[in-house]
Amino acid sequence: MSGRSITEKILAAHAVEGRAVPGSIVTVRPDVVLLNDVSGPLAFEQFDAMGAERPFDPARIVLVADHFAPAPDVTAAGAIAMTRDFARRHGIAHFYEPGRGGIEHTLLAELGMVGHGSIVFGADSHTCTAGAFNALGIGFGSTDLAGALALGKLWMRVPDSIRVELHGAPGAYVTGKDVILELIRRIGSDGAADAALEFGGPGIAALGMDERMAVANMAVEAGADCCVFEGDAQSLADMQRRGMAPVEAVMPDADAAYRAVIRIDLCALAPMVARPPSPASGVAVGTLRGQRVDQVYVGNCSNGTMTDLRQVAAILRGRQVAPGVRMVVVPATQKIWRQAMAEGLLEVISAAGAAISTPTCGACFGGHMGILAAGETAIATTNRNYRGRMGHPDSQVFLSNAWVAAAAAVAGEICPPDEVMAMEVAA
Amino acid sequence: MSALLTGRVHRFGDEVNTDVILPGRYLALRKPEELGKHCLEGLDPDFIHRVRPGDILAVGRNFGCGSSREHAVIALKAAGVAGIVAVSAARIFFRNAVNLGLPVLLCAEAAASLREGEEASIDLDAMAIAQGGRDWTAAPLGAEVRAILAAGGLVPRVRQALGAAA
Ligand code: SF4
């Protein structure tokens, strides 16, 4: 018998059956269940329709108003009210709204509820972000999560594992975002269907936790069920920083069976830009030099972290957002917003002529706070650029890391960040 | 859900994602009749005027990829779509569809061959798809999926489970 992957080990530890062989159906008990103001209200209605009286464990449920928060209209306010009521009715302490919360996946990372070996079930496809922490985050729809709220468990098929080996260290302006855009470019938007992406190898040491989140976040854009990084000294220190008891990382057996092993040399990567309308259509930034943009958006659950805001500020310091371009910057959580303020980043970014929003999903999914008009083009640090994702069906979105997005804001068009950094800075 | 479906076919390509099935700006809505009005609006604003109750979609690879929004399934059902024949479907969409009783049959040949605008039929017991004298058999469903469909969706299935526990 061959050894086991990280995914198999974590699932087996949470499976009612006590084992998790790829392809088999298991019933899994998650450590945390996560819902938002879009998926939550549907789930709460289904929860009631199921005849459930109370959720399995209020202490392990996290409810976040992030998609339509702060509420742009009465309908959205009603959905947030339903979420707040569900929390109140069932004694769920982990309910977050503007001023205290942020975007659910980034916020969850701050709460100290997810670390080595954990499983999160989220009613959101980007729940896979938890993979950064040597944990499994698995996305579901609302009715599935209503079932999870009621029963504390859900069935699932154990995915195959695909090993992604990272080697070397990235050059300037190359980040975790570029690693995942390169991977999706290679394997396609369903290249990891029915599989877990497992990241390991010496190169992961070059990626900080924020960058690992950016990688894990977009596993679903490759069609993966989930994603998981090997644990290391960084992920252990991160758990301790968030007040979690240190638990050993879950590592793969040397003879684990993989559907495929993919090698990425970080030193060979350039900053990438994914062209609309697919996250799989990445090219090196230089290829798109001169592509005009109307809006630059830095934020979302993949790239709204301190790491990203520091990159934006480094580009914008002493420079200005180009005339005719608008820039919207959205720190992913309240905590990040406050730290960015304390570090002076918000001053630099706003002095350059960018708008800074309170944490929200907002325009990322075309909800509010930065929607695109017909014919407009944006470059965004978000994770999806499907047709009409950020607004009108005839608008388009390019995806990139925060260096590249901020460089485009200054140049008014897509431009390699090193060229913008070489431009003179106002005294 | 009845085992025999008959309806006209509407064809769409690969990677029809949930953002185009139900654009994000409508996500604060929950009522099926409100969501149904915007079904596939991001891809084909005219679809809602062509579709009739009972119609069938024939689609390509990775149908329903992207966001986990169950609103996409609710919108398709409310618009009248009764069944989907796909080359492949994204995991979360497939589960959502099963949970709400919208059958998704995986059959690359049928998905490629079904003709636009003509009537086709689906026999869910046999997983058979037929149109104009030609027929195909879709991939079998797993036991858990069959159990959910047999119960009439996940809500009645969990009701049963909670009843059994009480
Ligand atoms: S930021 Fe965008 S991708 Fe992330 S959870 Fe919010 S809507 Fe989804």
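Results, tabulated for the structure shown:
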| quantity | calculated |
| --- | --- |
| Residues within the range A:1-52 that are within 28 Å of A:ALA76 (Cβ to Cβ) and part of a loop (DSSP other than H, G, I, E, B), tallied | 5 |
| Among the residues listed as A:GLY353, A:GLY370, the single one being out of contact with any Pro (no Cβ under 7 Å at 6 or more places or on another chain), within 16 Å of the ligand (Cβ to nearest atom) and either open to solvent by 20 Å² or more (accessible area, probe 1.4 Å) or not in a helix (DSSP H, G or I) (or both) | A:GLY370 |
| Number of the condition not met by A:VAL164 [criteria: (1) open to solvent by 10 Å² or more (accessible area, probe 1.4 Å); (2) more than 14 Å from every other protein chain (Cβ to nearest Cβ); (3) closer than 16 Å to A:ALA193 by Cα] | (1) |
| Only one of A:GLU347, A:GLU413, A:GLU376, A:GLU343 that is open to solvent by 10 Å² or more (accessible area, probe 1.4 Å), in contact with a Ser or Thr (Cβ under 6 Å, 6 or more places away or on another chain) and modelled with pLDDT of 95 or more | A:GLU376 |
| Count of the range A:290-307 residues which are open to solvent by 10 Å² or more (accessible area, probe 1.4 Å) and either away from the ligand (no atom under 16 Å from the Cβ) or more than 14 Å from chain B (Cβ to nearest Cβ) (or both) | 6 |
| Qualifying position, being within 13 Å of the ligand (Cβ to nearest atom), closer than 25 Å to A:MET239 by Cα and of a type in the set (Asp, Glu), among A:ASP57, A:ASP66 | A:ASP66 |
| Given (1) within 12 Å of chain B (Cβ to nearest Cβ); (2) more than 16 Å from the ligand (Cβ to nearest atom); (3) in a helix (DSSP H, G or I), index of the condition A:CYS364 fails | (2) |
| Near pairs, Cβ below 6 angstrom, 6+ apart or cross-chain, from the range B:13-28 (over 24 Å from B:ALA108 (Cβ atoms)) to any residue that is among the β-branched types (Val, Ile, Thr) and assigned to a helix (DSSP H, G or I) | B:ALA28/A:THR75 |
| Residue count, the range A:31-60 (criterion: under 19 Å from the mean Cα position of the chain (by Cα) and either on the phi > 0 side of the Ramachandran plot or not acidic (Asp, Glu) (or both)) | 8 |
| Residue in the range A:204-214 that is away from every other protein chain (no Cβ under 14 Å), touching an Asp or Glu at 6+ places or on another chain (Cβ under 6 Å) and in a helix (DSSP H, G or I) present | yes |
| Residues of the range A:224-253 classified as surrounded by 22 or more Cβ atoms within 10 Å (Cβ to Cβ), more than 16 Å from the ligand (Cβ to nearest atom) and either within 14 Å of chain B (Cβ to nearest Cβ) or over 26 Å from A:ASP178 (Cα atoms) (or both), total | 1 |
| Set B:ALA58, B:ALA89, B:ALA108, B:ALA75: member being at pLDDT 95 or above, touching a helix residue (DSSP H, G or I) at 6+ places or on another chain (Cβ under 9 Å) and open to solvent by 10 Å² or more (accessible area, probe 1.4 Å) | B:ALA89 |
| Those residues of the range B:37-79 which are touching a residue at least 40 places away in the same chain (Cβ under 8 Å) and acidic (Asp, Glu), in sequence order | B:ASP55 |
| Unique residue being surrounded by 24 or more Cβ atoms within 10 Å (Cβ to Cβ) and within 14 Å of the ligand (Cβ to nearest atom) when the list is A:GLY131, A:GLY115, A:GLY122, A:GLY147 | A:GLY122 |
| Close pairs from the range A:115-144: first at the interface with chain B (Cβ under 7 Å from one of its Cβ atoms) and hydrophobic (A, V, I, L, M, F, W, C), partner more than 11 Å from the ligand (Cβ to nearest atom) and in a loop (DSSP other than H, G, I, E, B), Cβ under 7 Å, at least 6 apart | A:ALA123/A:PHE140; A:ALA123/A:GLY141 |
| Number of positions in the range A:367-400 that are of a type in the set (Asp, Glu) and away from chain B (no Cβ under 13 Å) | 1 |
| Some residue of the range A:316-328 being surrounded by 17 or more Cβ atoms within 10 Å (Cβ to Cβ), more than 23 Å from A:PRO271 (Cβ to Cβ) and within 15 Å of the ligand (Cβ to nearest atom) | no |
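Quick grid of which residues meet (1) free of Cβ contacts under 8 Å to residues at least 40 places away in the same chain; (2) more than 16 Å from the ligand (Cβ to nearest atom); (3) within 14 Å of another protein chain (Cβ to nearest Cβ):
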site	(1), (2), (3)
A:PRO159	no, yes, yes
A:GLY171	no, yes, no
A:ALA192	yes, yes, yes
A:ALA196	no, yes, yes
A:VAL220	no, no, yes
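The values are calculated or read from the model by the stated rules, or taken from the named source; none is laboratory data. The structure displayed is predicted, hence computed values, not measured ones. For neighbour counting, all protein chains shown are included, and Cβ atoms are generated from backbone atoms with ideal geometry for every residue, glycine included. With ligands, DNA and RNA removed, areas are computed over all heavy atoms of the protein, side chains included. Shrake-Rupley method; radii C 1.70, N 1.55, O 1.52, S 1.80 Å.
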